[in-house]
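Reading through the structure tokens given below for one structure.
The values are calculated or read from the model by the stated rules, or taken from the named source; none is laboratory data. The shown structure was predicted, so the numbers you read here are calculated from the model rather than taken from an experiment. Here the Cβ positions follow ideal geometry from the backbone for every residue, glycine too, while neighbour counts run over all protein chains shown.
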Amino acid sequence: MKEKNNFIDQIDQVPAKTLSCINPISGKTIKNISISTKEEINRKITSACEASKIWKEIPIIERSRLIKKAQKEIVSKKDELIELAISETGKTEFDGIIEILTTLEIMRFNRKMASRALASEVRPLGLIMKNKRGKVHYRPYGVVGAISPWNYPLIQPAILVVPALLAGNGVVLKPSEFSPLTALKMKEIFDEVGIPEDLFQIVIGDGEVGKVLVESSSIKLIAFTGSVKVGRKIAINCAEQLKPVILELGGKDPMIVLKDANLKRAARAAVWSGFHNAGQTCISVERIYVDENVADDFIQLVKDLTNLVSYGKGPNFSDIGSISTKSQFEKITSLLQDAIDKGATIDNHNINNNNDSLFFQPLVITDSDDTMKIMKEEIFGPVIVISRVRNEKEAIKKANSMNFGLNASIFTRNKKKARLLAKNIEAGNIIINDVETNYFCVDVPFGGIKHSGIGRLHGIEGLRSFSQIQSVVEDRFGFNKELWWFPVAGITKKIFRAIIQILYG
């Protein structure tokens, strides 16, 4: 492998406005990096456009080979990437390991499936058109603008960049300003294995930098993962340009626990999903609807398990890391204060953060009501709210009562019933007797409905999301004239009347 200076270190050499990458655990600056100017962004877009013209002609099998090389390089540099992710986001070592594992699985699936998913297809045509041949092709857009969030600084860029590249596109990525270093390391790895440097570009900055990507006429598709608020703005902007979007937005994911559920499994699932990565996962369980007949037992199990979960610095820094940003910490605190003001009881929790730590105690709320903001807004923190329901009908009604529709889970020993209930839940993704692992099942598509998103990632559908569909129909025999061309003979009218009767009557 060729020797080169660390790409992250090189950034400091450019005199420009900078942003500080802060370690949320220590509060110290990890690195000051230059914010991309509008001129720099446009240069990178232009470079990616030129590179994509060459890249799209490279066979998919060769693109896949380069992604495989990058995959192997990530394995060899996993410890460095884990440390970067921990330092940027405050996640635990195990959450960092899961970050690497999930990224590698995304790369493995997409590179192995690309040739099949993106291959041209011959489509059979109807009887009337037997003298034609129909094909469907999956063509690259050109350059994709990708915007990723801070909570998973390797997974989230990879899930946008990898399928976009395999589909023959160039990519300009704007990672979150709170966690850009891991993405920059990914870019360095992709460069080193031979993916053209101009093809995959990274720009650094806040929403103003992302806005340049969204508004650029040279960016042909925007793929965004983040909040509903920002996603809506992007959708409006792109609609004015008739530019397609892939939006993976927020969630307020419900878990339904029926009276015949394995309560121990359901409780363990709730505690892990609600609290791992400090609750900063778009498909974390945030609200639980449990049958009133088993609610007391379930709630006690959840509380007991929650008391065993460790958080904070030192030797106990193993289960839950810190909240990644101060603004997110303040949002969680505000939602809790609103709940307390409206009557919620939260035991053993000091809502004031006097020591400026971003570690947040995992919490369970059991006496909520629908007037509380915590029941309506995405928490994105280690807090789960449990509500009692009379039956499964009420559980479904409450699960569907919000504008979010990303993910949901059902716990019951009756799988037939679970499958029937799943049909009535308004969510893009459902998992039965488990939580969140459907995101790791990259063979099936992932995405939200309602306000939780547009489009799909993962699966064949995810690869094709980064492609333009083109149909080509060609004449097979080359006769001098088709029956319906001018002049239309009287016999032609009779023939077509007969066809209508025979084929459709």
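Structure summary
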quantity: From 218, 179, residue being farther than 30 Å from residue 27 by Cβ and of a type in the set (Gly, Ala, Ser); calculated: 218
quantity: Among the candidates 243, 252, residue that is charged (D, E, K, R), in contact (Cβ under 8 Å) with a residue 24 or more places away in the chain and closer than 22 Å to residue 463 by Cβ; calculated: 243
quantity: Boolean, residue 121 is out of contact with any helix residue (DSSP H, G or I) (no Cβ under 8 Å at 6 or more places or on another chain) and acidic (Asp, Glu); calculated: yes
quantity: Residue list for the stretch 379-415, restricted to those being closer than 20 Å to residue 438 by Cα, part of a loop (DSSP other than H, G, I, E, B) and under 20 Å from the mean Cα position of the chain (by Cα); calculated: 380, 404, 405, 406
quantity: Test: residue in the stretch 212-232 that is charged (D, E, K, R), modelled with pLDDT of 95 or more and over 21 Å from residue 36 (Cα atoms); calculated: yes
quantity: Single unsatisfied condition, residue 36 versus (1) out of contact with any Cys (no Cβ under 8 Å at 6 or more places or on another chain); (2) in a helix (DSSP H, G or I); (3) not aliphatic (A, V, I, L, M); calculated: (2)
quantity: Residue count, the stretch 190-208 (criterion: part of a helix (DSSP H, G or I) and surrounded by fewer than 21 Cβ atoms within 10 Å (Cβ to Cβ)); calculated: 4
quantity: Whichever residue in the stretch 117-176 is in a helix (DSSP H, G or I), small (Gly, Ala, Ser) and within 19 Å of the chain's Cα centre (by Cα) and, among such residues, is surrounded by the fewest Cβ atoms within 10 Å (Cβ to Cβ); calculated: 158
quantity: Search result, residues across the stretch 430-476 that are within 27 Å of residue 416 (Cα to Cα), assigned to a loop (DSSP other than H, G, I, E, B) and in contact with a Pro (Cβ under 8 Å, 6 or more places away or on another chain); calculated: 456, 458
quantity: Residues of the stretch 72-91 satisfying the condition of being crowded, with 21+ Cβ neighbours inside 10 Å and either of a type outside the set (A, V, I, L, M) or out of contact with any helix residue (DSSP H, G or I) (no Cβ under 9 Å at 6 or more places or on another chain) (or both); calculated: 87, 88, 89, 90, 91
